[in-house]
1. Applying the selection to region 57-83, what residues are free of Cβ contacts under 8 Å to residues at least 40 places away in the same chain, surrounded by 13 or more Cβ atoms within 10 Å (Cβ to Cβ) and either closer than 26 Å to residue 24 by Cβ or not charged (D, E, K, R) (or both)?
2. If I ask for residues that are among the polar types (S, T, N, Q), within 16 Å of residue 9 (Cβ to Cβ) and either in contact (Cβ under 8 Å) with a residue 60 or more places away in the chain or assigned to a loop (DSSP other than H, G, I, E, B) (or both), which ones from region 84-100 would you list?
3. Could you tell me whether any residue of region 45-56 is buried (at least 16 other Cβ atoms within 10 Å of the Cβ), touching a residue at least 24 places away in the same chain (Cβ under 8 Å), out of contact with any Leu (no Cβ under 7 Å at 6 or more places or on another chain) and not in a helix (DSSP H, G or I)?
4. Can you say whether residue 15 is in a loop (DSSP other than H, G, I, E, B) and surrounded by 12 or more Cβ atoms within 10 Å (Cβ to Cβ), as far as the supplied structure shows?
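Where a number appears in this text, it was derived from the coordinates with a stated rule and is not lab data. Predicted model only: the values in this text are computed from it and were never measured. Here the Cβ positions follow ideal geometry from the backbone for every residue, glycine too, while neighbour counts run over all protein chains shown.
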Amino acid sequence: MTRAIPSTLVEVLLNYTERVPGAPAIADPPNREALVGDGPRLLTWGELGRAVDGAATALLDRGLGRGEVVLLQLPNVWELAVAILAVTRAGGIASPAPMQ
């Protein structure tokens with residue numbers, strides 16, 4: 001059986017959460033505590049998928065419409081990746097803004 005090659009980040013997420021949910025997916029930078037006040041985390045694909053699904057559902061529940069642009073300004077921590085993927089999964093357009 002041939003699997004289709006994922007073409008979007010959300011498809012990659014869904015593929016990995018299904019195939020290897022316990023494998024490491026994303027890690028915070030070592031300086032996370034200086035950025036946001038708590039220690040770095042490592043999320044598995046399963047944890048990442050659940051966080052994205054929960055955030056996407058919350059965005060839809062709050063009225064995010066298909067094609068709406070969401071400006072995101074977060075430091076480079078795991079929550080930024082979740083926010084980008086959640087907005088995309090919910091049908092919006094994620095627009096990350098650099099944070100100094």
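1. Once the filter is applied, which keeps residues that are free of Cβ contacts under 8 Å to residues at least 40 places away in the same chain, surrounded by 13 or more Cβ atoms within 10 Å (Cβ to Cβ) and either closer than 26 Å to residue 24 by Cβ or not charged (D, E, K, R) (or both), region 57-83 yields 57, 59, 60, 64, 70, 72, 74, 79, 80, 82, 83.
2. Narrowing region 84-100 to residues among the polar types (S, T, N, Q): 88, 95, 100.
Remaining after also requiring within 16 Å of residue 9 (Cβ to Cβ): 88, 95.
Passing the criteria: only 88.
3. no
4. Numbers: in a loop (DSSP other than H, G, I, E, B): no; surrounded by 12 or more Cβ atoms within 10 Å (Cβ to Cβ): yes.
Judged against the criteria, residue 15 is not a match.
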